[in-house]
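Beneath this line is the structure, given in structure tokens, with notes to follow.
The values are calculated or read from the model by the stated rules, or taken from the named source; none is laboratory data. None of these values were measured; they are calculated from a predicted model. For neighbour counting, all protein chains shown are included, and Cβ atoms are generated from backbone atoms with ideal geometry for every residue, glycine included.
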Amino acid sequence: MTKDWYYRTGDTQFGPVAKEELTLMLGQGKISLDDYVWKQGYETWIKARDAKDLFGNVAPPPPFIPEVKVPSIPEGRRTGLKVASVLMIVSAAIWAMITISQILYLAFEGANGILAFDAAWNLVWTVASLAIGIGIWKQRHWAYKWGITSSVIGVLWYGTAFFNGVSAMLFFAIIEVAIGVVLFANREYFNEKAVVTS
């Protein structure tokens, strides 16, 4: 390897280095195509992108783009996210049991339009809650958005039912509040483009 290249980043000059070293530094993002290079035979410094004998007929490597990272999740917060996920999955399991009982009632007692609609709605809510719970466990950005949304809807829905005399709905309202609070408190760990490190 012939070390006959010089390069300049900012006001600082470096070199001599081999052509392969320059290519590697470019690929790692240590220098850019807009930094200046020079070697014996050049009249003046030129931008790396214009140095034909540096890259030949081959396109230069793409610039190095580091991954966006978020800090590790502290153990207490990781536990909180797991609790929110489990609560969402438990909620889905309870709604699955309610849905099954409604379907069985419909099968043995005959069609009832309101109960059929209720069973269909509960089935959708069951599947959505299960998917959101799994997504929260895996820290998916969409699960955060849908988890917060379903918590707000759940609190309004169950709260209304509770205040209309269905006391069992208080249990579901409390679960939804807990899920919403934990998710909101940990929103920075659901960055859409982040790579989560542990």
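Before moving on, here are some points about what is shown:
- Residue ID - nearest to residue 146 (Cα to Cα), chosen from residues in region 79-130 that are small (Gly, Ala, Ser) and crowded, with 17+ Cβ neighbours inside 10 Å: 129
- Qualifying residues in region 164-198 (those that are exposed (fewer than 12 other Cβ atoms within 10 Å of the Cβ) and at pLDDT 85 or above) - the one nearest to residue 78 (Cα to Cα): 167
- Checking each residue in region 16-29 for being surrounded by 14 or more Cβ atoms within 10 Å (Cβ to Cβ) and over 15 Å from residue 4 (Cα atoms) picks out 24, 25, 26, 27.
- Qualifying residue in region 131-145 (condition: on the phi < 0 side of the Ramachandran plot, under 19 Å from the mean Cα position of the chain (by Cα) and outside any helix (DSSP H, G or I)): yes
- Answer from 147, 135 - the residue that is buried (at least 16 other Cβ atoms within 10 Å of the Cβ) and touching a residue at least 60 places away in the same chain (Cβ under 8 Å): 147
- Each residue in region 67-90 was checked for being touching an Asp or Glu at 6+ places or on another chain (Cβ under 9 Å) and at pLDDT below 75, and 2 pass.
- Candidates 120, 143, 107, 93, filtered to the one that is of a type outside the set (Ser, Thr, Tyr) and modelled with pLDDT under 85: 107
- Check on residue 127, assigned to a helix (DSSP H, G or I), in the same structural domain as residue 74 (by TED's automatic domain parsing), at pLDDT 90 or above and more than 30 Å from residue 74 (Cβ to Cβ): yes
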